[in-house]
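Beneath this line is the structure, given in structure tokens, with notes to follow.
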Amino acid sequence: MSTTTTPTGRVLHATGETPAGIPTSHARLRAWVEDVAHLCEPDQIYWCDGSDEEWERLTDQLVEAGTLVRLNPAKKPNSFWARTDPSDVARVEKRTFICSRREADAGPTNNWMNPRQMKDTMTELYRGSMHGRTMYVVPFCMGPLEAENPLYGVEITDSAYVAVSMRIMTRMGQAVLDGLGSDGDFVPCLHSVGAPLEPGEQDVPWPCDDTKYISHFPETREIWSYGSGYGGNSLLGKKCYSLRIASAIARDEGWLAEHMLILKLISPEQHVHYIAAAFPSACGKTNLAMLEPTLPGWKVETLGDDIAWMRFGPDGRLYAQNPEYGLFGVAPGTGWKTNPNAMRTIERGNSVFTNVALTDDGDVWWEGYSDQSPAHLTDWKGRDWTPGNGEPAAHPNSRFCTPLPQCPIVAPEFDDPRGVPVSALFFGGRRATTVPLVTQARDWTHGVFLASTLSSEQTAAAEGKVGVVRRDPMAMLPFIGYNAGDYFDHWINIGKHHDNARLPQIFYVNWFRRDEDGSFLWPGFGENGRVLKWAIDRIEGRADARGTPIGYVPAPGSLDLSGLTIDDDAVEELVRVDEEEWRAEVPGIAEWFETIGDTVPAALWGELDGLRNRLGQR
Ligand code: GDP
Ligand code: PGA
Ligand code: MN
Ligand code: MN
């Protein structure tokens, strides 16, 4: 077999060859790529450079393969529609493993397998798994390339869809290889869709396998993923690296890797506050990150919508950085009324839409895109769709994947390697009852208690029954890369940092409380700016609060509701703390801590005792 050089001079080489043109002198990286090629036996190897030419070539190939459909450039320039296999639409938490040497180090909240055993099992799955396919080598960096210690990764994948998506979601390409030099550190990330093509076999538009493994080796900092092409399972820089592996690195190094958006809030007086907020998947992070406040004079700018890495700065404050470069947002519910900034971002093109519906004029559509659906669509399963056919046209976990820098309200400092100092941390979930619109924690430890007991109704972002309430501590249940009790302890210890006074204040929010008829009590979206304002007013000592057994809620009149049509009963209900409901909540919290076991810090049990006392439970 011969080595061919692509038009841009990239090395496309046959397995077993080591042509002189490999774009790195990094011996360990080259050896790993060779080893993987030897195991997976792809037809050819391609090193990604991240260029525009490469994007065009790969997207053209994907269009030809039927994986992507090019959208009408007049509607969405340089953008594509993808439909997955109907079985490959979300993260697979049951198939996600933390493979630490000791089972206890994975904690009871993760699936565990011994690393040796997992590697043996997966090695057999990978053997020959790339037959008939190209193996892409995707060098990427999480966080700015100019960081003091950039966190690099290299993903090997047999999916061009993954390669182009990684170009949107991360800083990807030759600059990373240059940064790595000849011996830089990187997290090796191996991905195969697990669908080898034997000679003469016809490919399908969305290759994947029924057998799936999303495996993490936190001690050796490696990721092995097999069988799925869906974003959260296959774009390994995102959840796998920046949350599961990074949370383990962060524990070792004294920082935090969290499932949080980062926003910049600017008051009418031009005072700036940065806020990071953790909500479970499909509970409002992307929307809050791009909020258009309805309160006059207030402005939000976006720094990130899913992941925050937070480290102490020299001034003792926590500085947040978004390691990603793109947005991977839930499509349904995203429209001009709810999230105009997301609409403006995707209008600029350069995006991949997965499992949404296609209009007859080559645009995308999903439930909530506009008030009225078009008269005819091609739905996410590729079938004809007309209004009232009884099924949603877009999958509830369908996604847009779009570059963050083209968001019209991106904060210029999103790319600053120093990050931004955080004033407040928000935690929240979807709860129809019990949890008020906003509660301020009394102090750091109390805030960690609220976050560690966060609960939310399950959404379509992961496999499982939608609507079931589950504990989702810090919105990190599926992403903690080690023992959950140790993770809580790490959070408590962060609060013992030398300069306690400079720690962010912690708030617990719930946009999803419902009335007796099941309607949302709070209008949400742009109106959530009122809650951000209350939080800042609390921090700056301007707003009144009412002490309750669970924390501080807005005192009557302290939440700025000017210009909002909402009846007084609804407002009262939104901030109501029903002691009966909370007494009923306590046994569930105790049970939750008991499930995690003896790694739960005593300070959190102490907080639970305090709550019981305040509820008059002993
Ligand atoms: P993420 O997955 O956490 O980033 O959540 P998104 O921001 O993508 O939102 C997920 C879903 O929740 C979408 O369908 C949104 O329309 C909906 N949503 C987001 N914010 C609000 C809100 O304030 N109120 C209500 N009722 N729904 C919201
Ligand atoms: P989300 O991100 O939090 O925006 O839903 C993807 C995911 O968590 O699967
Ligand atoms: Mn997420
Ligand atoms: Mn999101």
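The values are calculated or read from the model by the stated rules, or taken from the named source; none is laboratory data. It should be emphasised that the depicted structure is a prediction, and the values quoted were computed from it without experimental measurement. When we count neighbours, we look across all protein chains shown, and the Cβ atoms used for this are built from the backbone with ideal geometry, even at glycine.
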Scan the range 53-68 for residues that are within 20 Å of V356 (Cα to Cα) and buried (at least 17 other Cβ atoms within 10 Å of the Cβ) and jot them down. T59, L62, T67, L68
Reported set for the range 304-324 where residues are touching a strand residue (DSSP E or B) at 6+ places or on another chain (Cβ under 6 Å) and within 15 Å of ligand 2 (Cβ to nearest atom) is G304, D305, A308, N322, P323
Having 2 or more residues that are of a type in the set (D, E, K, R) and farther than 30 Å from G335 by Cβ is the bar; report the helices (runs of 4 or more DSSP H) wholly within the range 193-293 that clear it. 246-253
Mind listing whichever residues of the range 256-285 are away from ligand 1 (no atom under 16 Å from the Cβ) and within 11 Å of A308 (Cα to Cα)? L256, A257
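Quick one: which residue in D486, D443 is more than 16 Å from ligand 4 (Cβ to nearest atom), at pLDDT 95 or above, over 27 Å from P86 (Cβ atoms) and touching a Ser or Thr at 6+ places or on another chain (Cβ under 8 Å)?
Numbers: D443 fails: touching a Ser or Thr at 6+ places or on another chain (Cβ under 8 Å).
Selected residue: D486, the only one of D486, D443 that is more than 16 Å from ligand 4 (Cβ to nearest atom), at pLDDT 95 or above, over 27 Å from P86 (Cβ atoms) and touching a Ser or Thr at 6+ places or on another chain (Cβ under 8 Å).
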Within the range 570-585, the residues that are exposed (fewer than 14 other Cβ atoms within 10 Å of the Cβ) and either within 32 Å of the chain's Cα centre (by Cα) or at pLDDT below 95 (or both) are E581, A584
Taking the range 475-493, which residues are in a helix (DSSP H, G or I) and either β-branched (V, I, T) or over 17 Å from G254 (Cβ atoms) (or both)? A475, A484, G485, I492
Which condition breaks for M260 when tested against (1) within 16 Å of ligand 4 (Cβ to nearest atom); (2) closer than 30 Å to D60 by Cβ? (2)
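Yes or no, residue by residue, for (1) more than 13 Å from ligand 4 (Cβ to nearest atom); (2) surrounded by 24 or more Cβ atoms within 10 Å (Cβ to Cβ); (3) closer than 28 Å to D85 by Cβ; (4) not acidic (D, E):
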| position | (1), (2), (3), (4) |
| --- | --- |
| A276 | yes, yes, no, yes |
| E292 | yes, no, no, no |
| G304 | no, yes, no, yes |
| W309 | yes, yes, no, yes |
| Y319 | yes, no, no, yes |
| F328 | no, no, yes, yes |
| T354 | yes, yes, yes, yes |
| D361 | yes, no, yes, no |
Somewhere in the range 555-566, is a residue among the polar types (S, T, N, Q), within 29 Å of A501 (Cβ to Cβ) and assigned to a strand (DSSP E or B)? no
Given the conditions (1) aliphatic (A, V, I, L, M); (2) within 16 Å of ligand 2 (Cβ to nearest atom); (3) within 30 Å of N493 (Cα to Cα); (4) not assigned by the TED database to the domain that holds A432, which single one is not true for I249? (2)
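With the requirement that a residue be acidic (D, E) and either near ligand 1 (Cβ under 9 Å from one of its atoms) or outside any strand (DSSP E or B) (or both), what does the range 294-311 give you?
First, pick out the residues of the range 294-311 that are acidic (D, E): 301, 305-306.
Passing the criteria: D305, D306.
Looking at R311, is it in contact with a helix residue (DSSP H, G or I) (Cβ under 7 Å, 6 or more places away or on another chain), closer than 22 Å to H497 by Cα, at pLDDT 95 or above and not small (G, A, S)? Break it down stepwise before answering.
Values: in contact with a helix residue (DSSP H, G or I) (Cβ under 7 Å, 6 or more places away or on another chain): no; closer than 22 Å to H497 by Cα: yes; at pLDDT 95 or above: yes; not small (G, A, S): yes.
No.
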Any idea which of S456, S452 is hydroxyl-bearing (S, T, Y), at pLDDT 95 or above and within 16 Å of ligand 1 (Cβ to nearest atom)? S456
